[in-house]
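The values are calculated or read from the model by the stated rules, or taken from the named source; none is laboratory data. A quick note: this is a predicted structure, and the numbers were derived from the prediction, not measured. Cβ: placed from backbone, ideal geometry, glycine included. Neighbour counts: every protein chain shown.
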Amino acid sequence: MLFSKALERLARLCSILGGLLMTGLMLMTCYSLIGRNVFETALIGDFELTGIGSGAAIALFMPLCQFKRENIIVDFFTANRSAAFNFRLDRFGDLLMTVIFFLLAWRCGVAAINAKETEGASMLLGFPDWIVFSSMCVPFALTAFIAAMQTLSKFNAEEATA
């Protein structure tokens, strides 16, 4: 139970950081639009920063989404199945999410190392690509860990019937 609380706190912290990042992007976009349309001055690289920040924010929202099991679930074919069957199917889905997010975290880590070695950067601002990949690696790894813990959760009759 204590371990679950720590994971929830980490997931919520990631979500808060993602929300702050999206708020910053929104303010930057407003500043850029007002500057372009009213003062005829452009904020150079606003599209790059929006793309970079949005990717990082999406990654930061994933741990809480997985923790709360709020992913999209299509239950058209399983609505008439037993609760135990659906519980096992959900555990299988958690296993797939574990694998997917482990692979995403791993590949983001490899991409960050490669971008650092090759000094990859964005076109206009020269923003280092390794920072982008690193910012996504940690939340993806946390999401994979949360999904793994959910996969290994023991069958609970009360949870299966809920």
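Within region 1-47, being assigned to a helix (DSSP H, G or I), within 30 Å of Gly120 (Cβ to Cβ), over 19 Å from the mean Cα position of the chain (by Cα) and not aromatic (Phe, Trp, Tyr) holds for Leu27, Met28, Thr29, Cys30, Ser32, Leu33, Gly35, Arg36, Asp46.
Would you check which residues across region 127-162 are in a loop (DSSP other than H, G, I, E, B) and at pLDDT 85 or above and list them?
Going residue by residue through region 127-162, those that are in a loop (DSSP other than H, G, I, E, B) are 127, 152-156, 162.
Within region 127-162, Phe127, Leu152 meet the criteria.
Which number in (1) closer than 30 Å to Thr50 by Cβ; (2) modelled with pLDDT of 95 or more; (3) aliphatic (A, V, I, L, M) marks the one condition that Ala121 misses? Only one criterion in (1) closer than 30 Å to Thr50 by Cβ; (2) modelled with pLDDT of 95 or more; (3) aliphatic (A, V, I, L, M) is unmet by Ala121, namely (2). Residue pairs whose Cβ atoms lie under 8 Å apart, sitting 6 or more positions apart in sequence or on different chains, and linking a residue in region 65-77 that is at pLDDT below 80 to a partner that is of a type in the set (S, T, N, Q), are Asp75/Asn86. Checked against (1) surrounded by 13 or more Cβ atoms within 10 Å (Cβ to Cβ); (2) over 23 Å from Met123 (Cβ atoms); (3) in contact (Cβ under 8 Å) with a residue 24 or more places away in the chain; (4) not hydrophobic (A, V, I, L, M, F, W, C), Thr50 passes all but a single condition, namely (2).
Annotation note: of Met97, Met26, the sole residue that is at pLDDT 90 or above, surrounded by 15 or more Cβ atoms within 10 Å (Cβ to Cβ) and aliphatic (A, V, I, L, M) is Met97. Selection of region 35-46 for residues being loosely packed, with under 14 Cβ neighbours inside 10 Å, of a type outside the set (Asp, Glu), out of contact with any helix residue (DSSP H, G or I) (no Cβ under 7 Å at 6 or more places or on another chain) and free of Cβ contacts under 8 Å to residues at least 60 places away in the same chain yields Arg36, Asn37, Val38, Phe39.
Which ones in region 78-119 are part of a loop (DSSP other than H, G, I, E, B) and either β-branched (Val, Ile, Thr) or within 23 Å of Cys65 (Cα to Cα) (or both)?
Thr78, Ala79
In region 60-75 there is at least one residue matching the filter, namely being surrounded by 18 or more Cβ atoms within 10 Å (Cβ to Cβ) and either among the aromatic types (Phe, Trp, Tyr) or assigned to a loop (DSSP other than H, G, I, E, B) (or both).
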